[in-house]
Amino acid sequence: MEQGCRLPRSVPLLNKMRSLIAILFILVAGPLSAADANFHLYLLIGQSNMAGRGKVTLEDKVAVPRVLMLNKANEWVSAVDPTSFDKKIAGVSLGRTFGIEMAQANEEVKIGLIPCAVGGTPIRRWQQNGDLYQAALKRAKLAQKVGVIKGILWHQGESDSGNEDTAKIYEQQLHAMIAAWRKDLGNEKIPVVVGELGQFFKRAKHKSTVDNALKVLPNKVKHTAWVTSEGLGHKGDVVHFNAAAYREFGKRYALKIKSLQE
């Protein structure tokens, strides 16, 4: 340090403030350096209606205690919208509201969202050997080092409902994907909740085939549940839910997950 050069008095104060902020984060989020049974993780997979395309408002940017998300850089940060980063148009999704509902249901746990959904993607890319499955598995394995995966949320099917061939094998691929996740994550009873496609989405000729595969899943695969999209509106494009619908969808997913965990 050059002679006569002194640090301003504000520097020590600034350092103290930084230390206090770090301490507050630890108190709110808890240490994330080792696997914590009270850090409940949820994998969010599928296409754009899981990633979220709702309009973001100030309320969606407010940090909520005990609700975190794994960002693009694989860092645990406060869960604010957009939680996904698949595309620049990512917006409000069902994830944040889902996380809030799960945190409110149990004050002893932290909730960690693992967003991996990518807009416009078919289910074949979410098969065990698919690129999106493998990318999500990598993030899930990383997250497992600090917490416990308590559920998988799936919303997808628009991309496969426009073609008869892909719609016909959708159910087979859905079941295979769930079995793969349970094997690779080391828990054959991981709850899986799937959502009905938007009832406003009518452009696809074989939507009913895909929707039926989703709806009957709980009758064919144990520890799964289906969520209705009844009454949920679109953002104007007749493809994606609006922000209010995503928030309601998040509550519905949370109710189903909780019922499977009881």
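Give me a count of the residues in the stretch 89-120 that are more than 20 Å from Ala244 (Cα to Cα) and assigned to a loop (DSSP other than H, G, I, E, B).
Counting residues in the stretch 89-120 that are more than 20 Å from Ala244 (Cα to Cα) and assigned to a loop (DSSP other than H, G, I, E, B) gives 7.
Out of (1) closer than 18 Å to Ile190 by Cβ; (2) surrounded by 14 or more Cβ atoms within 10 Å (Cβ to Cβ), what's the single condition that is false for Val64?
(1)
Do any residues in the stretch 43-64 that are within 30 Å of Ser161 (Cβ to Cβ) have Cβ atoms under 6 Å from those of residues that are among the acidic types (Asp, Glu) and in a loop (DSSP other than H, G, I, E, B), where the two are at least six apart or on different chains, and which pairs are they?
Pairs that qualify, where the first residue is within 30 Å of Ser161 (Cβ to Cβ) and the partner is among the acidic types (Asp, Glu) and in a loop (DSSP other than H, G, I, E, B), are Ala51/Asp86; Val56/Asp81; Asp60/Asp81.
Within the stretch 86-106, is there a residue that is closer than 18 Å to Tyr133 by Cα and not aromatic (Phe, Trp, Tyr)?
Yes, some residue in the stretch 86-106 is closer than 18 Å to Tyr133 by Cα and not aromatic (Phe, Trp, Tyr).
Collect the residues in the stretch 33-54 that are of a type in the set (A, V, I, L, M) and surrounded by 24 or more Cβ atoms within 10 Å (Cβ to Cβ), keeping them in residue-number order.
Within the stretch 33-54, Leu43, Leu44, Ile45, Met50, Ala51 meet the criteria.
Cβ-Cβ below 8 Å, separation at least six or inter-chain, first residue in the stretch 246-262 and surrounded by fewer than 18 Cβ atoms within 10 Å (Cβ to Cβ), second among the basic types (Lys, Arg): which pairs?
Sorted first by the residue in the stretch 246-262, then by its partner, the pairs are Gln261/Lys150.
Under 7 Å between Cβ atoms, at least 6 apart or on separate chains: pull out the pairs that start in the stretch 197-213 with a residue that is under 15 Å from Glu164 (Cβ atoms) and end on any residue that is of a type in the set (Asp, Glu) and not in a helix (DSSP H, G or I).
Pairs found: Asp211/Glu196.
Scan the stretch 147-170 residue by residue and report those that are surrounded by 18 or more Cβ atoms within 10 Å (Cβ to Cβ) and in a helix (DSSP H, G or I).
Glu158, Ser159, Asp160, Thr166, Ala167, Tyr170
For Leu260, indicate whether it is closer than 17 Å to Tyr133 by Cβ, assigned to a helix (DSSP H, G or I) and at pLDDT 95 or above.
When the stated conditions are applied, Leu260 does not pass them.
Within the set of pairs 6 or more residues apart or between chains, which connect a residue that is at negative phi and outside any loop (DSSP other than H, G, I, E, B) inside the stretch 224-235 to a residue that is of a type in the set (Phe, Trp, Tyr) and crowded, with 16+ Cβ neighbours inside 10 Å with Cβ atoms less than 9 Å apart?
The qualifying pairs are Ala225/Tyr253; Val227/Phe249; Val227/Tyr253; His234/Phe200; His234/Phe201; His234/Phe241.
For the stretch 147-176, enumerate the residues that are in contact with an Asp or Glu (Cβ under 6 Å, 6 or more places away or on another chain) and farther than 20 Å from Lys205 by Cβ.
Across the stretch 147-176, the qualifying residue is only Gly147.
Can you name every residue in the stretch 140-193 that is among the acidic types (Asp, Glu) and farther than 23 Å from Met102 by Cα?
Glu158, Asp160, Glu164, Asp165, Glu171, Asp184
Being more than 22 Å from Glu248 (Cβ to Cβ), at pLDDT 95 or above and in a loop (DSSP other than H, G, I, E, B) is the filter here; which residues of the stretch 32-75 pass it?
Asp36, Ala37, Asn38, Pro65, Asn71, Lys72, Ala73, Asn74, Glu75
Would you check if Lys189 is over 19 Å from the mean Cα position of the chain (by Cα), more than 17 Å from Gly52 (Cβ to Cβ) and not in a helix (DSSP H, G or I)?
Considered against the rule, which asks whether it is over 19 Å from the mean Cα position of the chain (by Cα), more than 17 Å from Gly52 (Cβ to Cβ) and not in a helix (DSSP H, G or I), Lys189 comes out as no.
If you go through the stretch 213-221 one residue at a time, do you hit one that is surrounded by 21 or more Cβ atoms within 10 Å (Cβ to Cβ), in contact with a Lys or Arg (Cβ under 7 Å, 6 or more places away or on another chain) and at pLDDT 95 or above?
no
The values are calculated or read from the model by the stated rules, or taken from the named source; none is laboratory data. What you see is a predicted model, and the numbers here were worked out from it, not measured in a lab. Counting neighbours? That spans all protein chains shown, and the Cβs are built from the backbone with ideal geometry, glycine included.
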